Structures are given as structure tokens and as C-alpha cells.
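Since the structure comes first, as C-alpha cells, the remarks are kept for the end.
The values are calculated or read from the model by the stated rules, or taken from the named source; none is laboratory data. As the structure is a prediction and not an experimental result, all values here were calculated from the model. When we count neighbours, we look across all protein chains shown, and the Cβ atoms used for this are built from the backbone with ideal geometry, even at glycine. Accessible surface areas use protein heavy atoms only, side chains included; no ligands, DNA or RNA. Shrake-Rupley method; radii C 1.70, N 1.55, O 1.52, S 1.80 Å.
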Amino acid sequence: MGDMGPLCCIFDLILPERCVLCARPLLGCRAGSFPVCRYCCNTLHPLEGARCALCGTVLLSEREVCLDCRERTHRFTLHRSAFAYDERTAELLRAFKAEGTRSLGQLFGLALLQLYRQHCTGALLVPVPGHPAATRRRGWDQAHELCLSMSRLAGVEVNRALRRGRSRRQKELTFAERQTNLRGRIRVAANPHTLGCRSVALVDDVYTTGATLDACCEALQAAGVAEVFAFTVAMDL
Ligand SMILES: [Zn+2]
Ligand SMILES: [Zn+2]
């Protein structure tokens with residue numbers, strides 16, 4: 001492809017790559033190696049305000065832990081999302097997952113790495129396994145891509161320790177149904193000796209009820225993992 005160089009430059013001038021969010025040409029205002037301009041990147045804000053000490057949701061009362069976490073016990077020590085699930089984040093996630101703009105993993109990876117460093121440096125990164133059919137269609141797994149990006153930035157170790165069997169799509173189910181649907185469908189595929197006694201940081205794209213994370217924790221804890229933290233790009237509540 002070496003002799004395609006000049007031709008690619010010409011295409012770039014005629015049809016310049018555009019920002020995923022505002023569609024302005026990226027020539028000269030690219031924020032990184034992903035297709036988002038500097039202006040839009042500066043408008044992406046982390047979740048702010050008082051947060052639940054466990055699941056990281058925005059708190060409405062003075063309590064330290066949200067109503068949901070007081071009513072049932074999550075299996076993870078702590079979960080944090082990098083961004084609120086607003087229009088912009090939803091658009092970025094759609095471009096990442098549905099359109100396969102893989103380089104957006106670098107933008108998300110940077111934000112996730114900040115959370116990881118704040119809460120659990122040293123934990124092994126484990127991606128929440130995606131649906132096998134979606135992973136086959138896209139050719140890569142979204143959560144694994146996020147872990148790889150964090151690993152490239154900071155040299156953190158990644159272990160693709162979990163596998164997901166076939167199950168009904170989580171989106172269509174209630175919380176109780178989600179738990180039964182998932183139980184036993186997520187299993188540890190790695191050699192338990194590579195995990196045992198270590199702490200793990202689970203990584204996924206979106207947090208909805210925490211049921212998927214709990215199912216992953218159950219499998220990891222049964223394999224001897226002492227403590228599980230969880231980080232996602234956005235929280236969809
Ligand atoms: Zn833009
Ligand atoms: Zn909570």
C-alpha cells in the first residue's frame with residue numbers, strides 16, 4: 001500500500017474525515033488519533049456531583065449509598081462510569097459499536113484509565129464479554145478493545161478471562177429476569193491460577209442495572225478472585 005500515500009492525501013483533501021459529533025472536517029482540529037474534533041472533545045464532561053459510594057450513580061438524597069444499592073447487594077466493591085449517558089456519549093458509543101469506529105476506543109480508554117488510577121491501580125483488567133454473534137459480526141469485541149486501549153496507554157495487564165454463552169438479549173428483560181438469564185452463562189475460561197487472589201477491574205461500555213457485572217463477579221469470585229472493581233464508559237439509568 002506504500003504507493004497509495006499521495007492518493008490518500010488527495011482523498012483527504014477532497015473528502016476530509018469528519019468529526020463523529022459535529023461533522024466538521026478534522027483537518028487541523030483533531031483531538032487525538034480518533035475522529036473527534038478538539039472542540040467536541042472539550043464538551044465531554046465526566047459525571048459530576050454526589051455519587052453513590054458503591055455503584056457511582058448520581059445521588060438525589062443526603063445518603064452515601066443509593067436506594068438501589070441499599071435494597072440489593074452488588075457483588076462488586078465499586079463501580080464508576082466515565083460519562084453521563086447523554087446524546088453525545090450515546091452518539092460516540094453508536095459510532096464505536098454499530099459503525100465499528102474502532103479508534104474511539106482510545107478516547108474511552110483515556111477516560112477509563114483515569115477512573116482505574118483513582119480507585120484500583122494494580123488490578124488485572126478483564127473485559128465483560130460481549131454477545132458472541134455481535135463480536136463475530138464486528139470482528140472485534142468492544143470491551144476487549146477498551147481494555148487494550150487502557151493497556152496501550154499505561155501497560156496494564158489484560159486477561160480475557162470470561163466467556164459468554166448464548167442468552168436472550170439483556171435489554172428486553174427485567175432485573176430479576178436478567179439475573180436468571182445470565183447466571184451460568186458467563187463463565188471463567190482462563191486458568192484460575194492466572195486470576196486467583198488478585199483483584200480484577202471489569203471493563204464494559206454501558207452500565208444499566210449492574211446485572212451483567214454481578215454475573216461476571218460471581219464467576220470470577222468462584223474462581224478465587226478476591227475483589228472486583230468495575231468501570232464503564234457511561235451509565236444508562
Ligand atoms: Zn466536533
Ligand atoms: Zn448505588
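Taking the longest Cα principal axis of the chain as reference, the axis of helix 5-14 is set at about 90 degrees.
Given a 1.4 Å probe and every protein chain left where it sits, what share in percent of the accessible area of the chain is carbon and sulfur?
For the chain, the apolar C and S fraction of the accessible surface comes to 52 percent.
Between ASN42 and GLU99, what FRET efficiency follows from the Cβ-Cβ distance if R0 is 35 Å, with the result rounded to 0.05? Efficiency, from the Cβ-Cβ distance: 0.95. Axis angle, to the nearest 10 degrees, between helix 142-154 and the longest C-alpha principal axis of the chain: 80 degrees. The candidates HIS79, HIS144, HIS119, arranged from most to least accessible area with a 1.4 Å probe in the full protein assembly, appear as HIS119, HIS144, HIS79.
Using heavy atoms of the protein chains and a probe of 1.4 Å, the accessible area assigned to ASP214 is about 10 Å². The residues of region 117-161 expose, per residue, 46 Å² of accessible area to a 1.4 Å probe. The charge dipole of the chain, taken about its Cα centre with unit charges on the Cβ atoms of Lys, Arg (+1), Asp and Glu (-1) only, comes to about 640 debye. Two decimals is fine: what is log10 I(q)/I(0) at q = 0.08, 0.18 Å⁻¹ for region 45-235, from a Debye sum with one equal scatterer on every Cα and no solvent? For region 45-235, the Cα-only Debye profile gives -0.23, -1.34.
A simple spin-label model places the labels of GLN114 and ALA90 2.3 nm from each other, with each point 7 Å out along Cα-to-Cβ. The slack in the chain from ARG30 to ASN191, taken as 0.36 nm per residue of separation less the alpha-carbon distance, amounts to 53.8 nm.
Taking GluC sites (Glu not before Pro) in DSSP loop states with no more than 15 other Cβ atoms inside 10 Å as exposed sites, the chain has its longest site-free stretch at 158-237. In this rough spin-label picture, where each label sits 7 Å from Cα along the Cβ direction, the LEU153-GLU62 distance is 3.7 nm. Spin-label model, ALA23/GLU71: points 7 Å from Cα along the beta carbon direction are separated by 4.2 nm.
Relative to the longest principal axis of the Cα atoms of the chain, the long axis of helix 104-119 lies at roughly 40 degrees. Listed values for region 76-93 are Karplus-derived 3J(HN,Hα) couplings in whole Hz (6.51 cos²θ - 1.76 cosθ + 1.60, θ = phi - 60°), namely 8, 6, 6, 10, 9, 9, 6, 10, 6, 8, 9, 4, 5, 5, 4, 5, 5, 5, and x replaces Gly and Pro.
Within a Cβ distance under 12 Å of THR101, other residues only, what is the Lys/Arg minus Asp/Glu net charge?
Value of the local net charge: +1.
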